[in-house]
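Engineer: Dumping the structure here so I can ask a few things about it.
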Amino acid sequence: MFKIPETMKGVQLTGHGGSEVLQYRDDITVPRPKHNEVLIRVAAAGVNNTDINTRIAWYSKSDNNGKDASWSGNALIFPRIQGADVCGVIVAVGNGVDNKRIGERVLVEPCLREANGQELETPWYFGSECDGGFAEFSTVSSVHAYPIKSELSDIELATFPCSYSTAENMLTRTKVTSKDKVLITGASGGVGSAAIQLAKARGAYVIAVTSPEKKHQLIDLGADEVVFRDENLVTALGSNSVDVVIDLVAGKQWPLLLDVLKIQGRYAVSGAIGGALVELDVRTLYLKDLSFYGCTVLEPEVFQNLINCIEQQKIIPIVALTLPLEGIYKAQAVFQKKQHVGKIVLTVK
């Protein structure tokens with residue numbers, strides 16, 4: 001039987017700021033599973049935008065010392081172990097959880113509707129409102145630890161949870177089908193590249209917005225067409241030409257995204273790396289009968305749908321870079337350069 005140690009290695013976020021607020025330690029107390037929780041021995045954990053946005057207090061909408069700088073809009077409790085993309089094995093269970101779950105290989109659903117043994121009024125984010133996977137061990141409610149049966153490696157599986165569930169949620173909310181033409185911005189990033197694959201799995205026609213040097217990689221992923229990010233979208237695609245926009249960028253070109261949407265088109269957003277403040281001509285919204293979807297909280301069926309897609313090999317992992325846990329500083333620096341396609345993953349065990 002595996003013996004659970006008293007302390008573990010991990011990375012703690014000690015405040016908001018630069019990389020100096022990340023502390024790699026080997027003396028962190030190993031958590032114990034509470035009622036309805038499981039203890040996971042983390043094998044691999046992916047890096048994503050949320051980790052960095054939380055660290056730099058990007059979510060804060062005001063100058064109030066980070067009191068609204070978490071994913072949920074509340075102040076973080078420091079120190080915090082981040083890491084939302086987790087693949088690992090259950091090594092212990094709390095009261096209320098079947099002992100048969102010990103030994104299961106799992107992926108953690110990053111959007112938490114249950115924590116501390118009770119349902120949450122406002123969902124939490126794994127690694128934001130509670131400790132996540134940038135450590136050797138982590139606890140989570142049993143309902144958010146999904147068994148996974150796959151020949152993929154731990155590193156490959158750790159590319160899926162956050163990015164792919166976010167993408168699948170956007171496609172679910174906008175009800176994408178094989179009849180739709182879908183435009184995806186930020187298509188070379190973790191969520192964007194996931195959205196390409198998941199939209200193609202639904203049979204949709206996919207247009208990816210990216211840089212010229214990444215065109216062929218996205219075509220290989222399944223994109224039917226590529227538009228370069230510096231092009232005028234209306235010139236390239238024509239007005240009223242797409243059914244759905246999956247937007248991860250926002251920024252100055254945002255009004256053009258509405259121009260290329262057809263009448264009764266659907267727009268979903270889950271990122272604003274190009275700029276959070278945009279200009280909306282409300283006439284475009286109501287005269288075209290557009291539907292807008294802000295996508296953060298996962299629909300209940302989304303993560304199981306993702307697990308099914310992985311097990312049925314409908315989607316593939318895209319690993320851009322692998323580093324050990326103590327390499328988190330380099331991992332986030334590379335991530336912020338936005339030159340990679342796919343996910344950067346930290347190995348933990």
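The values are calculated or read from the model by the stated rules, or taken from the named source; none is laboratory data. Predicted, not measured: the structure shown is a model, and the values here were computed from it. Cβ coordinates were reconstructed from backbone atoms using ideal geometry, including for glycine residues, and neighbour counts include every protein chain displayed. For the accessible areas, the whole protein counts, side chains as well, though only heavy atoms, and no ligand, DNA or RNA atoms are used. Shrake-Rupley method; radii C 1.70, N 1.55, O 1.52, S 1.80 Å.
Engineer: How large is the dipole of region 175-303 about the Cα centre if only Lys and Arg carry +1 and Asp and Glu carry -1, each at its Cβ, rounded to the nearest 20 debye?
Structural biologist: Values: 13 positive and 15 negative charges, 34 e Å.
Once rounded to the nearest 20, the dipole reads 160 debye.
Engineer: Let me ask something additional. Can you pull the accessible area of Arg105 for me, 1.4 Å probe, Å² to the nearest 10?
Structural biologist: The accessible area comes out at roughly 60 Å².
Engineer: For the chain, what does the relative contact order come out to in percent, with C-alpha contacts under 8 Å and a separation of six or more?
Structural biologist: Details: 831 pairs, mean separation 60.9, N = 349.
Contact order relative to length: 17 percent.
Engineer: With a probe of 1.4 Å, find how much accessible area the chain has per residue, and write the answer as a whole number in Å².
Structural biologist: On the way: 15550 Å² over 349 residues.
On a per-residue basis, the chain sits at 45 Å².
Engineer: Something else: Order His144, His216 by their accessible area, 1.4 angstrom probe, all chains in place, largest first.
Structural biologist: Values: His144 5, His216 135 Å².
Sorted by accessible area, descending: His216, His144.
Engineer: Within the accessible area of the chain, what % is carbon and sulfur when the probe is 1.4 Å and the other protein chains stay in place?
Structural biologist: On the way: 7610 of 15550 Å².
Using a 1.4 Å probe with all protein chains present, the chain comes out at 49 percent carbon and sulfur.
Engineer: Given the chain, what percent of its DSSP beta bridges are antiparallel, to the nearest 5? Provide the component values of the computation, followed by the final result.
Structural biologist: On the way: 35 of 62 bridges.
That works out to approximately 55 percent antiparallel.
Engineer: Tell me which of Val42, Leu171, Ile56 sits at the most positive position along the dipole axis of region 24-178, charges placed on C-beta atoms (Lys, Arg +1; Asp, Glu -1).
Structural biologist: The residue sitting farthest along the positive end of the dipole is Leu171.
Engineer: What percentages make up the Cα-Cα pair-distance distribution of region 44-196 when the bins are 10 Å wide from 0?
Structural biologist: Percent of Cα pairs in each bin: 11, 35, 35, 16, 3.
Engineer: Rank Tyr329, Tyr267 by accessible area, highest first, at a 1.4 Å probe radius? It would help to have the intermediate numbers written out before the result.
Structural biologist: On the way: Tyr329 85, Tyr267 10 Å².
Final ranking, largest accessible area leading: Tyr329, Tyr267.
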